[in-house]
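The block underneath contains the structure these notes are about, expressed in structure tokens.
Rule-based calculations on the coordinates, nothing more; no lab input. Since we're looking at a predicted model, the values are computed, not measured. No Cβ is skipped: glycine too gets one built from the backbone with ideal geometry, and neighbour counts run over all protein chains shown.
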Amino acid sequence: MRIGILTGGGDCPGLNAVIRGIVRKGSRLGGYEFVGLRNGWAGALSGDGIDLTKESTSGLLPRGGTILGSSRTNPYKTDDGPAQVARSLADRGIDALIPIGGEDTLGVAGRLHDDLGIPIVGVPKTIDNDLGGTDFTFGFQTAVQIATDAIDRLHTTAESHHRVMILEVMGRHAGWIATHSGMAGGADAILVPEREFDVDEVCASLQRRHNSGRTFSIVVVAEGAKPVGGVPSADGEQVDEFGHVRLGGIAVWLEREIESRTGYESRMTILGHVQRGGTPTAYDRVLATRFGVAAMEAVADGAFGQMVGLHATDIVRVDLADALAEPKLLDPALYETAEVFFG
Ligand code: F6P
């Protein structure tokens, strides 16, 4: 049996560990060959791919990014796209597909399975941790660690200069990275997409803190967080093939607003793609490896239309449709715990 593997959407530390896990498990089972399709669904459309073997995937465990490349190509953007994917897979002799991706990549996977009967097992990936059907996605823990290191560094310079430091982290729909890193780094305010924030309330809480003798503050904001009433959107906003606007910049607005309303000198940092680059943490290497092995087992069992996921400490199989029904938003109880330390 020949299995296609692809990585789609934003890259994420641990993608290569998943690829290695799939190939190693398949080699152990025997009777499987692997093709790595290049650049996400673009490779599934064109058939562009490379053979993957136990030897060629050796040494990948600590390597960031994806050896297959990634893209935000959406086969459903054109009428013929889905049928073209089916033709390319048939031309390459691919019998089953393991797409590794987030809501967009796996959304396409679910539709191709349901519409055309393509045998697919999904693997959940996103640093944002906002995918249903799994308690955690790999890459998230690495991103949280990078953001926490950044907060620790901002802390010392904030203290020296008596400033408000604003750190913008990723998180389009959900504030998982902001809340986990903010809690780990001791943030004085955390702003997330799930809760519109009132900038006056944020400033009042910073003022209370400064009135009680503190001379600096740390604010962590998720890129998708929105103030009540919204912010003026940039002209000519770009959207990707899945209709998402390019986020980034809420911290610029916040820096200006906080400084002008409170008089406290403020500086912002946008952490950006640093959060997605480099080697995965040990936790993410293990989770990615478990997902890869489990995805291969699901293919061997013919459990198509499923995604592997983590429930508590167990790896499970869930229906792709169920996993993708809703984004997994921040647990309100977690945010309430973080709030204890605000202001
Ligand atoms: O993968 C999810 C994510 O990291 C989002 O948090 C962010 O909005 C997006 O990717 C940005 O990705 P890119 O700049 O690669 O389009």
One finds the C-alpha centres of the stretch 55-106 and the stretch 112-171 to be spaced, in Å, by 22
Within a 10 angstrom radius of the beta carbon, how do 25, 226 rank from fewest other beta carbons to most? 226, 25
So which GluC sites (Glu not before Pro) in the stretch 259-299 are both in a DSSP loop and have at most 15 other Cβ atoms within 10 Å of their Cβ? 265
At residue 334 and residue 53, where each label point lies 7 Å from the Cα along Cα→Cβ, what is the point-to-point distance in nanometres? 4.2
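Rounding to the nearest 20 debye, state how big the charge dipole of the stretch 140-276 is about its Cα centre with +1 on each Lys and Arg Cβ and -1 on each Asp and Glu Cβ. It would help to have the intermediate numbers written out before the result.
Values: 13 positive and 19 negative charges, 75 e Å.
I would put it at about 360 debye.
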Mean separation of Cα contacts under 8 Å, 6 or more apart, over the residue count of the chain: relative contact order %: 24
What is the angle, in °, between the Cα long axis of helix 282-301 and the longest principal axis of the Cα atoms in the chain? Nearest 10 is fine, range 0 to 90. 30
Amide H contacts under 5 Å for residue 97, placed H, 5+ residues apart: 4, 120, 121
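Rounded to the nearest 0.05, what FRET efficiency do residue 1 and residue 247 have when you use their Cβ-Cβ distance and R0 = 35 Å? Let's see the in-between values first.
Numbers: r = 40 Å, r/R0 = 1.15.
In this case the efficiency is close to 0.30.
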Would you mind pulling out the separation of the Cα centroids of the stretch 1-49 and the stretch 269-334, in Å? 16
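Once the piece of chain linking residue 135 and residue 303 is laid out straight, how much longer is it, given 0.36 nm per residue of separation minus the C-alpha distance between them? Present the calculation step by step, with values, prior to reporting the outcome.
Values: separation 168, 0.36 × 168 = 60.48 nm, distance 2.05 nm.
Full extension from residue 135 to residue 303 adds 58.4 nm.
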Going by average Cβ density within 10 Å per residue, which order do the peptides 44-50, 79-85 take, highest to lowest? 44-50, 79-85
With Cα atoms, 0 to 90° folded angle of helix 250-262 axis to the chain main axis: 10
At residue 240 and residue 159, where each label point lies 7 Å from the Cα along Cα→Cβ, what is the point-to-point distance in nanometres? 3.8
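Cut-off is 10 Å between beta-carbons; in what order do 258, 315 appear when sorted fewest neighbours first? All intermediate terms of the calculation are to be shown ahead of the outcome.
Numbers: 258 23, 315 17.
Least crowded to most crowded, the residues run 315, 258.
Please give the FRET efficiency for residue 29 paired with residue 311, using the beta carbon to beta carbon distance and R0 = 25 Å, rounded to the nearest 0.05. Don't skip to the answer; put the middle values down first.
Numbers: r = 24 Å, r/R0 = 0.96.
The computed FRET efficiency comes out at 0.55.
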Note down the nm distance, to one decimal, between modelled labels 7 Å out along Cα→Cβ at residue 322 and at residue 80. 3.9
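How many percent of DSSP beta bridges within the chain run antiparallel, rounded to 5? Kindly include the intermediate steps, with their values, before the conclusion.
Values: 11 of 41 bridges.
Here the antiparallel bridges make up roughly 25 percent for the chain.
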The helix 199-211 Cα axis meets the longest alpha-carbon principal axis of the chain at an angle in degrees, between 0 and 90 and rounded to 10, of 60
